[in-house]
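*Asks:* Structure in structure tokens, see below.
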Number of protein chains: 2
Amino acid sequence: MAAPERFQVGDTVLQSGMTLPGVTLSYRTHGVLNAARDNAVLVPTYYGGQHAQTEWLFAEGMALSPRDWFIIVPDMLGNGLSSSPSNTAAPFDGPRFPHVTLYDNVRLQHRLVTERFGIERLRLVAGWSMGAQQTYHWAALYPHMVAAIAPFCGSARTSRHNFLFLDGVKAALQADAAFRGGDYDAPPLVGLKAFSRVYAGWAFSQTFFREEIDLKVMGSGSIDGFVTGVMEPAFLARDANDLLAMLWSWQNADISANDLYGGDFDRALGAITARAIVLPGATDLYFPPEDNAYEVARMPNAELRPIPSIWGHCAGLGANPADTAFIDAALRELLAG
Amino acid sequence: MAAPERFQVGDTVLQSGMTLPGVTLSYRTHGVLNAARDNAVLVPTYYGGQHAQTEWLFAEGMALSPRDWFIIVPDMLGNGLSSSPSNTAAPFDGPRFPHVTLYDNVRLQHRLVTERFGIERLRLVAGWSMGAQQTYHWAALYPHMVAAIAPFCGSARTSRHNFLFLDGVKAALQADAAFRGGDYDAPPLVGLKAFSRVYAGWAFSQTFFREEIDLKVMGSGSIDGFVTGVMEPAFLARDANDLLAMLWSWQNADISANDLYGGDFDRALGAITARAIVLPGATDLYFPPEDNAYEVARMPNAELRPIPSIWGHCAGLGANPADTAFIDAALRELLAG
């Protein structure tokens, strides 16, 4: 796997007003930008994920074939590759890393797209979960630059229930005294494991476990094996402060929480002129379809198309072939249009 | 409020084979047992609840009027009133309290009903959540003693997903080093608060928070206010080891996990001859209606009647008048039959 590229943005004034020095945006590209610079697609990363974990979307024979498209995958701030608590120098290291919003993320991604690549219009922005949230931000903040979007298993604004779910996993992590307010010497393993175990109940659906997909497909052997074998590796691979930085971005995600829209969520949705296929997981427990239905009703060119899946939020993880095919078909449709 | 009665059972051989010395079953009764001893109703308690918290079901003008019925409310083992980690002497105190099952609970309740009151048949058993699980146990273990049941927001067997949700809240509590494996000097407050915050996301539905019922009806002021004002008082009122003892009973609830049925869940369901109205909360996140649908299809005399509520699991808490009226109507129907 190729190492990621690094876009050195330098000192950056964040939405909060704080200046974060020496900001780096990590990213990876797939395929070749054509001469007209009109074959670019952007796929933001998800919570706890890094660019390599989006690559299941880019296989040969799929809609996003690198033969046809120039695909940019920017790493989210806080994911350990772009500027993050774990890789930022004092005085902004660890728990002192400032709060960054998805607005901040997408503004930096915009600089990457325009300054480094000279791209004026993205053919598609698509992403899962927090990647979907960044997708919505792209379409609301730069409506004239985005031809189409496919947010899957994510929302334009984090719902109050979703916020509460996140507050729970955060509390589980911070209950470990070894976290030491973020100034830990070694990873707070007990807290990270509690975080993973709490998260596990939310990431898939009740029906997923009723039908024992964890046993039959994932081969975990038991509920405990599922937590230790599937969830813990995903989160223990990340730094605790990084997880909490991204969690803050998630909790506070809102396409209208900025000067453009002044908190008028309906107006921000109405500004999304991109052709949109919005793909909630039908059984997603924290990004349920109802939140997307509200959004789609206020977007001028959008269709709601729930993924008929029992994989819950993880319908968009790329692990279930039927779900992947469903998402891929929507991407193909948007790219053909 | 009257003090509870105490039924001194003495040394009790548990389902595990262990003998727990000096077992006490706490209970409260409402109304008067008639001469024929045929007006008895039993209402078991729920997770973290005590008998007083079921009293919303027994108001004048409701189906379970104490004018008409003799209502017995036995406290669940582990709830701090019946034998529990917090009130049992060494060597079975605190984390050394043995695992007890709902089978153990219902067998003790059976002794209370038959030995203390000489009751041969219960007109109705009804309960919420773990109270519903005990209700199912009554009907499966003593089919000839139970005329009717109304389990609401609970199941005959804890689902794998429900088990995982519980594993999460348990991990959040135990992530607090002050828990000290159950041998804490003072309550592990950080862990209990994390437990409460994780639990909060599960107890109500996504729609409950989308429609801001927490603000409009419960007056919590914010998500954080909801956690600290509603959830924490409920759980911080309990002992941590008590919470974990009941949690174990919940995780391992299964009406067929005993010598009568040898793990044959369908056979145990088929043995429930009581007239049953099974009332899941339509939006319950950990006792979803699908689990009850499976059960009802295998019960000879049962009807599935979801509570059309956005209160999630807490449709059965007695806090929302419409839900309470819906449950009460079912109880009235069963008691009239």
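Since every read-out is calculated from the coordinates, none of them should be taken as a lab result. These numbers come from a predicted model, not from an experiment. So basically every Cβ, Gly included, is an ideal-geometry build from the backbone, and we count neighbours across all protein chains shown.
*Asks:* At q = 0.09 Å⁻¹, what base-10 log of I(q)/I(0) does the Debye formula yield for chain A when every alpha carbon is treated as an equal point scatterer in vacuo?
*Replies:* Evaluating at q = 0.09 Å⁻¹ gives log10 I(q)/I(0) of -0.44.
*Asks:* Given R₀ = 25 Å, what would the calculated FRET efficiency be for B:Ala52 paired with B:Ala186, taking r from the Cβ atoms and rounding to 0.05?
*Replies:* FRET efficiency, B:Ala52 to B:Ala186: 0.45.
*Asks:* Another question, then. Restricting the count to DSSP beta bridges whose residues both fall in the protein assembly as shown, what percent are antiparallel, rounded to a multiple of 5?
*Replies:* Percent antiparallel among DSSP bridges in the protein assembly as shown is about 40.
*Asks:* Let me ask you something else. Using Cα springs under 10 Å in a Gaussian network model of chain B, which residue among B:Asn79, B:Asn39, B:Asn292 shows the largest mean-square fluctuation?
*Replies:* The residue with the greatest mean-square fluctuation here is B:Asn39.
*Asks:* Further question on the same structure: Restrict the search to segment B:263-336; then list the chymotrypsin sites (Phe, Trp or Tyr not before Pro) that DSSP places in a loop and that have at most 10 other Cβ atoms within 10 Å of their Cβ.
*Replies:* Filter output for segment B:263-336: empty list.
*Asks:* Here's something else I'd like to know. When each copy gets a label point 7 Å from Cα toward the beta-carbon at A:Ala89, what are the spacings between them in nm, shortest first?
*Replies:* Going from nearest to farthest copy, the values are 6.7 nm.
*Asks:* Go ahead and collect, in residue order, the members of segment B:305-337 whose backbone nitrogen is under 17 Å from a label point 7 Å along the Cα-Cβ direction of B:Asn34.
*Replies:* Residues B:332-337 qualify, since their backbone N sits under 17 Å from the label point.
*Asks:* Once fully extended, how much extra length lies between B:Arg96 and B:Glu60, figured as 0.36 nm per residue of separation less the alpha-carbon to alpha-carbon distance?
*Replies:* 8.7 nm
*Asks:* So for segment B:168-289, Kirkwood radius off the Cα pairs, Stokes-Einstein at 37 °C and 0.692 mPa s: how many µm² s⁻¹?
*Replies:* Taking Rh from Cα pairs, D becomes 194 µm²/s.
*Asks:* Next question. How much net charge surrounds A:Ile119 when only other residues with a Cβ under 13 Å from its Cβ are counted (Lys, Arg +1; Asp, Glu -1)?
*Replies:* The answer is +2.
*Asks:* Return, for the Cα atoms of the protein assembly as shown, the radius of gyration and Dmax in Å, separated by a comma.
*Replies:* 27.1, 95
*Asks:* Can you give me the relative contact order of segment B:29-141 as a percent, contacts being Cα pairs under 8 Å and 6 or more apart?
*Replies:* Averaging sequence separation for qualifying contacts and normalising by length gives 35 percent for segment B:29-141.
*Asks:* With +1 on the Cβ of every Lys and Arg and -1 on the Cβ of every Asp and Glu, and nothing else charged, how large is the dipole of the protein assembly as shown about its Cα centre, in debye rounded to the nearest 20?
*Replies:* With only Lys, Arg, Asp and Glu charged at Cβ, the dipole is about 260 debye.
*Asks:* Also, I was wondering about something else. Can you give the FRET efficiency for A:Ala319 and B:Thr273, using 1/(1 + (r/R0)^6), R0 = 51 Å, r = Cβ-Cβ distance, to the nearest 0.05?
*Replies:* That pair, A:Ala319 with B:Thr273, gives E of 0.70.
*Asks:* Treat every Asp and Glu Cβ in segment A:291-337 as -1 and every Lys and Arg Cβ as +1, leave all other atoms uncharged, and give the resulting dipole magnitude about the Cα centre to the nearest 20 debye.
*Replies:* About 40 debye.
*Asks:* For the cross-link pairs A:Lys216/B:Lys170; B:Lys193/B:Lys216; A:Lys170/A:Lys193, which exceed 19 Å when the distance is taken from alpha carbon to alpha carbon?
*Replies:* Long pairs (Cα-Cα over 19 Å): A:Lys216/B:Lys170; B:Lys193/B:Lys216.
*Asks:* About the Cα centre of chain A, how large is the charge dipole given +1 on each Lys and Arg Cβ and -1 on each Asp and Glu Cβ? Please answer in debye to the nearest 20.
*Replies:* That gives a dipole near 360 debye.
*Asks:* Would you work out the relative contact order for chain A, in percent, from Cα pairs under 8 angstrom that are 6 or more residues apart?
*Replies:* Relative CO of chain A lands at 18 percent.
*Asks:* Between copies, how far does the label point of A:Ala336 sit from its twins, in nm, shortest first, when each point is 7 Å from Cα along Cα→Cβ?
*Replies:* 5.8
*Asks:* When chain A is modelled as a GNM with alpha-carbon springs shorter than 10 Å, which of A:Thr158, A:Thr19, A:Thr54 fluctuates the most?
*Replies:* Checking each option, the largest mean-square fluctuation is seen for A:Thr19.
*Asks:* Considering only C-alpha atoms, what is the centroid distance from segment B:169-246 to segment B:130-144, in Å?
*Replies:* 28
*Asks:* For chain B, modelled as a Gaussian network with Cα springs under 10 Å, which listed residue fluctuates most, B:Tyr184, B:Tyr142, B:Tyr103?
*Replies:* It is B:Tyr184.
*Asks:* Choose one of B:Leu42, A:Ala59, B:Gly270: the residue whose Cα lies farthest towards the positive end of the charge dipole of the protein assembly as shown (beta-carbon charges +1 Lys, Arg; -1 Asp, Glu; about the Cα centre).
*Replies:* B:Gly270
*Asks:* Let me ask something else. Taking a label point 7 Å out from Cα toward Cβ, give me the nm distances from B:Ala59 to the same spot in the other copies, shortest first, one decimal.
*Replies:* Once sorted, the set of distances for B:Ala59 reads 5.9 nm.
*Asks:* Quick check: pseudo-label points 7 Å beyond the Cα along Cα→Cβ at B:Ala178 and A:Arg298, how many nm apart are they?
*Replies:* Computed distance between label sites B:Ala178 and A:Arg298 equals 4.1 nm.
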